[in-house]
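Q: One structure, as structure tokens, below. Some questions next.
The values are calculated or read from the model by the stated rules, or taken from the named source; none is laboratory data. Values in this document were obtained by computation on a predicted structure and should not be read as measured data. All Cβ positions, glycine included, derive from the backbone under ideal geometry; neighbour counts span all protein chains shown.
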Amino acid sequence: MKSKVYIETFGCQMNVADTERAATGLRQSGYELCNSADDADVVLLNTCSVRERAERKVYTRIGEVRAARPGDRNLVIGVMGCVAQLEGESIFSNAPTVNMVIGTRATDRISSLIERVREGERKVSDLGERGEHEGWDVLPVERHSPHVAFIPIIEGCNKFCSFCIVPYSRGRERSRPASEIVAETNRLKSLGYKEVHLIGQNVNSYRPRIENGLEGFSGATPFCRLLRAVAATGMPRIKFTTSFPRDFHPDIVTAIEDNPNLCDWIHLPVQSGSDRVLKAMRRGHKRADYLERIERVKTSNRRLSLTSDIIVGFPGETDEDFRQTIDLVEQCRYDSLYIFKYSKRAGTPAASFPDNVPESEQKARFLELERVQKAIQEKIYREYVGRTLSVLVERQSSRSETDLVGHSTCHKVVNFPGTSALEGEIIDVEVTEAKTNSLYGVVRAA
Ligand code: 5AD
Ligand code: SF4
């Protein structure tokens, strides 16, 4: 009998998608997938290394998994994802109870690694590239939600921002053929999925080797054409994340304006409001370039929700640089903002930059920016009260048995009373109350 496998996922949506893909491959090879480490013969941790704290979590978790099963010699532990790719076989010395190290492009070869461990090799690793013809199939049962599906369109990153480990952990950009993406969207639609997220480190850098699937769709870039091609499938809601400022062509907004099923939400990380810091970050855009890009977003004939990422306390960031970030945030009026304290990543250029900002200062800047954003966000959210939003009902609320929760097309969390019969439906919700990060409302009769 084949073993039971449990996969635990940390980090970004790309890891969620890799877990779905790995689980599909394992099930097709005869493995059973289970929902808890306690029931599993093989525990796989799909890891994130974007910041130090995420990376440390892996080692804590390996210890916990092993400690829960003292003396169980049959338990196989594997580390997949970004930490596996970056640290490689040194994981075996840092955590001697680990049996497998599975790189970010080895998700389709896990079953043969497990077999090798079962046959007596106690330490196996695969840090190789994806095979030329490896499939992207995901079984519906492995999807993280029955209503919302992630579709990777581009893997890796060529941007090499000086702080970021992703180009090293995920390799160069590789775009998936558009015909495959469109076919997957059609398949998901016929299975009843209501929403897809086109995902990638930089979706708008999408550049497939061949044009298949984009014929007949207009647009200034392959990504704009892909958006139109995916919209033409009639999938009810299409979101995409993450976009890269330098490649953010105004035609993306035009495509959204022309297709109501392209959702009204754009995630466009800026990282800093200071040109000096942006240059040291090697972002390839200045403050003014970014503001120009979002001008088209702000003046669109649809009200587009705009969200961003910012790093505070980058090496050499002065108080004046930070003031410029605050000023930019006030100008952009983001619907939501992810703020991160700079975390040094070994192997990146910024790791050797001088003038590190002390932790206490990083923390102070984090809190100040958070306060500024909170005030802006509360105002934006309050403007939704009285409005009706189209909401995809995703699940029961974890806070209340009588409440349901879903997302609006503008990617806001919306809570409202209702029964589970509504799950998977797209309904109108009238907003009655706004909190900082979520909205509350009531279902409007159809
Ligand atoms: N330190 C802090 N934040 C980081 N990010 C990426 N690398 C680092 C780092 N070394 C943030 C960026 C990115 C988001 C996914 O994570 O803001 O957009
Ligand atoms: Fe990292 Fe920059 Fe690539 Fe984003 S664009 S994944 S921040 S290197």
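Q: Evaluate region 290-298: report whether one residue or more is part of a loop (DSSP other than H, G, I, E, B) and out of contact with any Leu (no Cβ under 7 Å at 6 or more places or on another chain).
A: Looking for residues that are part of a loop (DSSP other than H, G, I, E, B) and out of contact with any Leu (no Cβ under 7 Å at 6 or more places or on another chain), one finds none in region 290-298, hence no.
Q: Can I ask one more? Kindly indicate which of ASP309, ASP321, ASP327 is among the acidic types (Asp, Glu), within 16 Å of ligand 2 (Cβ to nearest atom) and touching a residue at least 40 places away in the same chain (Cβ under 8 Å).
A: ASP309
Q: I'd like the residue in region 322-334 that is surrounded by 21 or more Cβ atoms within 10 Å (Cβ to Cβ) and not aromatic (Phe, Trp, Tyr) and, out of all such residues, is nearest to PHE244 (Cα to Cα).
A: So the residue we want is CYS332.
Q: Test ALA37 against the stated conditions and say whether it is surrounded by fewer than 23 Cβ atoms within 10 Å (Cβ to Cβ) and within 16 Å of ligand 1 (Cβ to nearest atom).
A: no
Q: While we're here: (1) away from ligand 1 (no atom under 14 Å from the Cβ); (2) in a loop (DSSP other than H, G, I, E, B); (3) in contact with an Asp or Glu (Cβ under 6 Å, 6 or more places away or on another chain); (4) of a type in the set (A, V, I, L, M): which one isn't true of VAL385, the others all being true?
A: (3)
Q: Quick check: anything in region 83-94 within 28 Å of LEU139 (Cβ to Cβ), touching a residue at least 24 places away in the same chain (Cβ under 8 Å) and not small (Gly, Ala, Ser)?
A: yes
Q: Find the residue count for region 154-206, including only residues that are part of a loop (DSSP other than H, G, I, E, B) and farther than 20 Å from LEU268 by Cβ.
A: Selection size over region 154-206: 9.
Q: OK, next. Kindly list the number of the only condition in (1) under 24 Å from the mean Cα position of the chain (by Cα); (2) within 30 Å of GLN271 (Cβ to Cβ); (3) surrounded by 16 or more Cβ atoms within 10 Å (Cβ to Cβ) that fails for VAL357.
A: Every listed condition holds for VAL357 apart from (1).
Q: Can you say whether VAL43 is among the hydrophobic types (A, V, I, L, M, F, W, C), within 16 Å of ligand 1 (Cβ to nearest atom), within 28 Å of the chain's Cα centre (by Cα) and not in a helix (DSSP H, G or I), as far as the supplied structure shows?
A: Spelling it out, it is not the case that VAL43 is among the hydrophobic types (A, V, I, L, M, F, W, C), within 16 Å of ligand 1 (Cβ to nearest atom), within 28 Å of the chain's Cα centre (by Cα) and not in a helix (DSSP H, G or I).
Q: If I filter region 142-172 down to residues being of a type in the set (D, E, K, R) and more than 16 Å from ligand 1 (Cβ to nearest atom), which single residue comes out as nearest to GLY316 (Cα to Cα)?
A: So, considering only residues that are of a type in the set (D, E, K, R) and more than 16 Å from ligand 1 (Cβ to nearest atom), the one nearest to GLY316 (Cα to Cα) is ARG172.
Q: Does region 46-62 hold any residues that are away from ligand 2 (no atom under 16 Å from the Cβ), in a helix (DSSP H, G or I) and either buried (at least 19 other Cβ atoms within 10 Å of the Cβ) or in contact (Cβ under 8 Å) with a residue 24 or more places away in the chain (or both), and which are they?
A: If the condition is that a residue be away from ligand 2 (no atom under 16 Å from the Cβ), in a helix (DSSP H, G or I) and either buried (at least 19 other Cβ atoms within 10 Å of the Cβ) or in contact (Cβ under 8 Å) with a residue 24 or more places away in the chain (or both), then ARG53, LYS57, VAL58, TYR59, ARG61, ILE62 are the ones that fit.
Q: Any residue that is within 16 Å of ligand 1 (Cβ to nearest atom), among the hydrophobic types (A, V, I, L, M, F, W, C) and under 26 Å from SER343 (Cβ atoms) - is there at least one of those in region 191-199?
A: So far as region 191-199 goes, yes, one or more of its residues are within 16 Å of ligand 1 (Cβ to nearest atom), among the hydrophobic types (A, V, I, L, M, F, W, C) and under 26 Å from SER343 (Cβ atoms).
Q: Any residue in region 12-34 that's over 19 Å from SER49 (Cα atoms) and in a helix (DSSP H, G or I): show its pairings with residues that are within 16 Å of ligand 2 (Cβ to nearest atom) and modelled with pLDDT under 95 at Cβ separation under 6 Å, as long as the two are six or more apart or on different chains.
A: Matching pairs, first to second residue: none at all.
Q: Report those helices (runs of 4 or more DSSP H) wholly inside region 207-281 carrying at least 1 residues which are surrounded by 20 or more Cβ atoms within 10 Å (Cβ to Cβ) and within 16 Å of ligand 1 (Cβ to nearest atom).
A: 275-280
Q: Let me ask you something else. For region 63-121, how many residues meet the condition of being in a loop (DSSP other than H, G, I, E, B), under 26 Å from the mean Cα position of the chain (by Cα) and surrounded by 18 or more Cβ atoms within 10 Å (Cβ to Cβ)?
A: Of the residues in that region, 4 qualify.
Q: Could I ask something else about it? Within region 351-362, how many residues turn out to be in a helix (DSSP H, G or I) and either out of contact with any Lys or Arg (no Cβ under 7 Å at 6 or more places or on another chain) or of a type in the set (Asp, Glu) (or both)?
A: Residues flagged as in a helix (DSSP H, G or I) and either out of contact with any Lys or Arg (no Cβ under 7 Å at 6 or more places or on another chain) or of a type in the set (Asp, Glu) (or both) within region 351-362 amount to 4.
Q: What residue, among those in region 122-158 that are among the basic types (Lys, Arg) and surrounded by fewer than 18 Cβ atoms within 10 Å (Cβ to Cβ), is farthest from ligand 2 (Cβ to nearest atom)?
A: This residue is ARG122.
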